[in-house]
Amino acid sequence: MANEFEIGKKIKTIREEKELSQSEVVEKLKEQDINMSRETLSKIENNNRSISAIELKAISDVLDVDIRDFFNKEDSDDLVTFFRKRNFSQNTLEEISKLQDMVKMFINQEKIYKEGKSHEK
């Protein structure tokens with residue numbers, strides 16, 4: 001599971017990719033009844049304050065990302081993140097996510113198959 005440093009860093013990265021200031025995010029959080037100061041958001045992004053599940057969900061909504069995106073460890077291998085950075089539509093990102101999940105499933109099945117073959121010898 002991602003530690004809080006990774007979550008804060010990812011919040012900051014995604015916020016910057018979407019060209020939102022901390023103040024803009026805080027204003028959008030207020031619309032969701034989450035009262036957070038810009039300073040608090042800065043502390044979260046810099047790992048000086050933990051984040052609650054409710055705050056994380058609200059931030060994921062404000063940034064228009066799946067909450068699970070904050071827990072992916074391998075961004076370089078994540079196609080959804082790769083395409084998000086290039087501003088593809090949400091529908092395209094969802095389709096890419098489905099394809100990525102299928103590929104991961106096939107890779108896992110191949111590993112299981114190979115492990116079974118090695119035990120037969």
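Selection of the stretch 46-67 for residues being closer than 19 Å to residue 90 by Cβ and part of a helix (DSSP H, G or I) yields 57, 58, 59, 60, 61, 62, 67. Exactly one residue out of 72, 46, 87 is closer than 20 Å to residue 18 by Cα, modelled with pLDDT of 80 or more and within 17 Å of the chain's Cα centre (by Cα): that is 46.
The values are calculated or read from the model by the stated rules, or taken from the named source; none is laboratory data. Keep in mind the model is a prediction, meaning the values are calculated, not measured. Note that each Cβ is placed from the backbone with ideal geometry, even for glycine, and that neighbours are counted across all protein chains shown.
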